[in-house]
Amino acid sequence: MEQRHLGRTGLRVSRIGLGTLTWGRDTDEHDAADMLKVFWEAGGTLVDTADVYGDGEAEYLLGQLMDGLVPRRDLVISTKAGSVPDPDRRFDGSRGHLLSALDASLARLGTDYVDLWHIHAYDPETPLDETLQALDLAVSSGRARYVGVSNFCGWQLAKAATWQLAAPGIRTRLASTQLEYSLLQRGVEREVLPAALDLGVGLLPSSPLGRGVLTAKYRHITPPDSRGGSEHMAPFVAPYLDETATSIVEAVQTAADGLAVTPLQVALAWVRDRPGVAAPIVGARNALQLTGALSVETLSLPDEICRALDDVSAPVHRYPDHDWSTL
């Protein structure tokens, strides 16, 4: 699998990443082991997790698998901290919480360091410089090799990345930002992506298949064994089952038919090759699904297909975004 530099850093990652959102909850140890082995054998390196996935079980399971199935040195392990199970405060970006969470992640993963550590979300109740200092301390102590943020909007990313660049050698530059990005969700193109490109921050798209909707599995029915058919994941999928999404899915299906490939491959290739994207994070249910996603490695969409998909899924950009002078 092709390797790409993550942002303006020396870290290289596989251009498709493996997500572990459901590990330890919907995905058991056998399916997780099969997927990790298939991913590794295909040349995949980037494995993304978080301390809250499965209440820590995803990290623990990944650590168990690294112990004997796949060499730790062959993987780029990315995890996140900052989300908390508190209805009154969903995110805690305090230095104390973040560093304690990192230590707990390392213990569950069974490793001395993570290759990439993200702040899971912006915490408006903690000064940003305090949150970012946790990243610097993680790197200076050797507990993280590279750092980034997740779910930051445009101004938040620009502020954080600029702050880190203001004191080179003292502060650690942001390597990446992780947000949802697909043909069904192109909101990052308004301000996040331009900021990331300008500041040298690599984008790691989550839900690149539109929460599974872009595979076209929901065109006619909701399969009972799908995420949309499960009680706890149905609300996650529901926002992308509207008329707008339907028209985009039909366009993806048309492109797939014309290229003799699957809708999954078309949708994943589109986001993988967007400017600024380092590696979409794919969350598969089993090894068979993952193999289908990894088969996109040999696919490059023709320019006319890309333009057609761009047109049918184009978000509305209004003042003051981008070229406001034409409005």
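Per the conditions (1) farther than 30 Å from residue 263 by Cα; (2) open to solvent by 30 Å² or more (accessible area, probe 1.4 Å); (3) in contact (Cβ under 8 Å) with a residue 12 or more places away in the chain, the sole criterion not satisfied by residue 185 is (1).
Quick one: in the range 203-245, which of the residues that are out of contact with any helix residue (DSSP H, G or I) (no Cβ under 8 Å at 6 or more places or on another chain) and at pLDDT 95 or above is least open to solvent (accessible area, probe 1.4 Å)? Within the range 203-245, the match that is least open to solvent (accessible area, probe 1.4 Å) is 204. Annotation: of all residues in the range 139-177 being among the polar types (S, T, N, Q) and open to solvent by 10 Å² or more (accessible area, probe 1.4 Å), the one that is nearest to residue 271 (Cα to Cα) is 151.
Is one or more of the residues making up the range 33-45 touching a residue at least 12 places away in the same chain (Cβ under 8 Å) and within 15 Å of the chain's Cα centre (by Cα)? Yes, there is a match, as at least one residue in the range 33-45 is touching a residue at least 12 places away in the same chain (Cβ under 8 Å) and within 15 Å of the chain's Cα centre (by Cα).
Listed here are the helices (runs of 4 or more DSSP H) enclosed by the range 1-114 that have at least 3 residues being over 30 Å from residue 299 (Cα atoms) and open to solvent by 30 Å² or more (accessible area, probe 1.4 Å): 57-66, 95-109. Taking residue 122 as the residue in question, decide whether it is in contact with a Cys (Cβ under 8 Å, 6 or more places away or on another chain), on the phi < 0 side of the Ramachandran plot and among the hydroxyl-bearing types (Ser, Thr, Tyr). Against the criterion (in contact with a Cys (Cβ under 8 Å, 6 or more places away or on another chain), on the phi < 0 side of the Ramachandran plot and among the hydroxyl-bearing types (Ser, Thr, Tyr)), residue 122 qualifies. Residues satisfying the criterion are absent from the range 159-166 (criterion: in a loop (DSSP other than H, G, I, E, B) and touching a helix residue (DSSP H, G or I) at 6+ places or on another chain (Cβ under 6 Å)). Taken together, 278, 251 contain a single residue that is more than 15 Å from the chain's Cα centre (by Cα) and hydrophobic (A, V, I, L, M, F, W, C), which is 251. Would a scan of the range 133-142 turn up a residue that is in a strand (DSSP E or B), aliphatic (A, V, I, L, M) and in contact (Cβ under 8 Å) with a residue 40 or more places away in the chain? No, the conditions are met nowhere in the range 133-142. Each residue in the range 1-10 was checked for being over 16 Å from residue 199 (Cα atoms) and in contact with a Leu (Cβ under 9 Å, 6 or more places away or on another chain), and 1 pass. Inside the range 279-301, residues that are closer than 13 Å to residue 44 by Cα and either of a type in the set (Phe, Trp, Tyr) or assigned to a loop (DSSP other than H, G, I, E, B) (or both) make up a count of 2. For the range 115-132, filtering for residues that are part of a loop (DSSP other than H, G, I, E, B) and β-branched (Val, Ile, Thr) leaves 1.
Just one of (1) open to solvent by 10 Å² or more (accessible area, probe 1.4 Å); (2) within 16 Å of residue 79 (Cα to Cα); (3) touching a Ser or Thr at 6+ places or on another chain (Cβ under 9 Å) fails for residue 130. It is (2).
The values are calculated or read from the model by the stated rules, or taken from the named source; none is laboratory data. Computed from a predicted structure; not experimentally measured. Neighbour counts run over all protein chains shown; Cβ positions are idealised from the backbone, glycine included. With ligands, DNA and RNA removed, areas are computed over all heavy atoms of the protein, side chains included. Shrake-Rupley method; radii C 1.70, N 1.55, O 1.52, S 1.80 Å.
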